[in-house]
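Every read-out reported here was derived from the displayed coordinates using simple, explicitly stated rules and does not represent laboratory data. Since this is a predicted model, take the numbers as computed values, not measurements. For neighbour counting, all protein chains shown are included, and Cβ atoms are generated from backbone atoms with ideal geometry for every residue, glycine included.
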Amino acid sequence: MSQEPRERIPTQLYLISPLEVGGDFPDRLARALDAGPVAAFQFRVKGMDDHAAARLAEPLQRICAERDVAFIVNDSVSLAKRLGADGVHLGQEDGDVAEARQELGREAQIGVTCHGSRDLAMEAGEDGADYVAFGAFHPTTTKEVKHQAEPEILEWWQTFFELPCVAIGGITPENCKALADAGADFVAVCGAVWNGDEVEAVKAFTKALG
């Protein structure tokens, strides 16, 4: 554990899918990824079995692979394994890191939602997570906000830990810079991109984070 803040690369964009990923969404995803640098894309659907989810995921996974963007599956280790995804993002009720690692292998990127909790984040790090996610930092319409996080937790994490951290929750081109400055290695965004023109949104985030 180091007391010195680590050398940081510029904060990167981490896109999260809307719940509706059929129809013209593959085209929208391709346009978004071509509009500026995106580090990762999280596939997030609810209430469907792995077979149906895999059918929706496959074209999106291909679009990400063609652009060297990490394809992360939300919640489901079994779906991530089925797809050969780059990783999985686990909520606090979605199983543990050790089991996910055993299923997905050493190379998989495993992220854990830690809300605004230092204890949960340290626990995830000790369990072998590849990144921790803090939030929500701002009001969001994407999901119900039960946990609020403050930028100070990003500063604290950067000071003491090597593991990358993700900021999530209501992040827009207007407010992302403050979270990047506080210590977010990635900003995870959903509504701010997909609720409007995805190309303009990605360009705006790229400019704000630049």
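Quick look at the values:
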quantity: Mean Cα-pair separation over length for the stretch 21-119, i.e. relative contact order, pairs under 8 Å, 6 or more apart, %; calculated: 22 percent
quantity: Among [x] 12.4; [y] 14.9; [z] 10.7, the entry derived from the coordinates for mean projected area of the Cα convex hull in nm²; calculated: [z]
quantity: Cβ-based charge dipole, the chain, positive-most Cα from Gly23, Met48, Gly111; calculated: Gly23
quantity: Karplus-derived HN-Hα couplings along the stretch 134-141 (A = 6.51, B = -1.76, C = 1.60, θ = phi - 60°), whole Hz, x at Gly and Pro; calculated: 10, x, 8, 8, 9, x, 9, 9
quantity: Hz values of 3J(HN,Hα) by residue in the stretch 38-53 - Karplus curve (6.51, -1.76, 1.60), Gly and Pro given as x; calculated: 10, 7, 8, 10, 9, 8, 10, 10, 10, x, 9, 6, 4, 5, 5, 5
quantity: For the stretch 24-77 and the stretch 150-195, distance of Cα centres in Å; calculated: 21 Å
quantity: Computed E for Glu99/Met122 - FRET, C-beta separation, R0 25 angstrom, nearest 0.05; calculated: 0.85
quantity: For the stretch 141-200: relative contact order, % (alpha-carbon pairs under 8 angstrom, 6 or more apart); calculated: 36 percent
quantity: Mean Cα-pair separation over length for the chain, i.e. relative contact order, pairs under 8 Å, 6 or more apart, %; calculated: 23 percent
quantity: Pairwise Lys count, the chain - Cα closer than 21 Å, eight or more residues apart or different chains; calculated: 5
